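What follows is a short report on a single structure.
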Amino acid sequence: MNTVALNIIGIDVDKAEDLGVGLNKLLANFQLYYQNLRGLHWNIQGKNFFELHAKFEELYTGANDRVDEIAERILTLGVQPLHTFSDYLQASTIEEGKDIKTDTASVELVLNNLSTLLNLEREVIEKASDAGDEGTVALLSELISEQEKTIWMFAAWLK
């Protein structure tokens, strides 16, 4: 008889480890997204300053909360979350947005970052579903719904 080792929350240990890898990649990308938003908030200029300055603050505050939720989910699965900037830079596919000051370039960066996050979340949610990990599915479902709406709004803003 072949038995599967389960972690403390009843998820197959190997599948939990794989989910941890995917969530760590998402965590690293969220950290770069967060830092990009901080830079946009600080450096935005032009006629849309007040609108975007406030919006970027709202987004980075939310991203900071999500970083914590993702790291805690990784720990719940029994995996160590990444926690150094060197690890984030190595694992992230989102690139640093440096010296971006205009409204259009700022919004385009946010849209690109959110698209990257969505793709990663969809990859991980599929693995989580296959592993019977409803906790990760719920976390990512909420993220995906929020980000799709934000993408729609920023895309409308660009038109």
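Computed from the coordinates by the stated procedures, all read-outs in this text should not be read as laboratory data. Computed from a prediction, not measured in an experiment: that's the story for all the values here. Don't worry about glycine lacking a Cβ; one is built from the backbone with ideal geometry, like all the others, and counts go over all protein chains shown.
A quick yes/no check of all residues on (1) polar (S, T, N, Q); (2) part of a helix (DSSP H, G or I):
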{"residue": "Q35", "(1), (2)": "yes, yes"}
{"residue": "G39", "(1), (2)": "no, yes"}
{"residue": "K47", "(1), (2)": "no, no"}
{"residue": "V67", "(1), (2)": "no, yes"}
{"residue": "E72", "(1), (2)": "no, yes"}
{"residue": "S115", "(1), (2)": "yes, yes"}
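Residues in the stretch 103-159 that are of a type in the set (K, R) and over 16 Å from the mean Cα position of the chain (by Cα) were compared, and the one that is surrounded by the fewest Cβ atoms within 10 Å (Cβ to Cβ) is K159. Each residue in the stretch 65-99 was checked for being surrounded by 19 or more Cβ atoms within 10 Å (Cβ to Cβ) and over 16 Å from L27 (Cβ atoms), and 1 of them qualify. Take the residues of the stretch 74-113 that are in a helix (DSSP H, G or I) and small (G, A, S): which is nearest to L40 (Cα to Cα)? Result: S106. Of all residues in the stretch 1-33, those that are touching a residue at least 40 places away in the same chain (Cβ under 8 Å), in a loop (DSSP other than H, G, I, E, B) and either crowded, with 19+ Cβ neighbours inside 10 Å or of a type in the set (A, V, I, L, M) (or both) total 3.
Of note, A71 satisfies the criterion of being among the small types (G, A, S) and touching a Pro at 6+ places or on another chain (Cβ under 9 Å).
Looking at the stretch 117-133, which of its residues are of a type outside the set (S, T, N, Q), in a helix (DSSP H, G or I) and out of contact with any helix residue (DSSP H, G or I) (no Cβ under 8 Å at 6 or more places or on another chain)? Hit for the stretch 117-133 is E126, nothing else.
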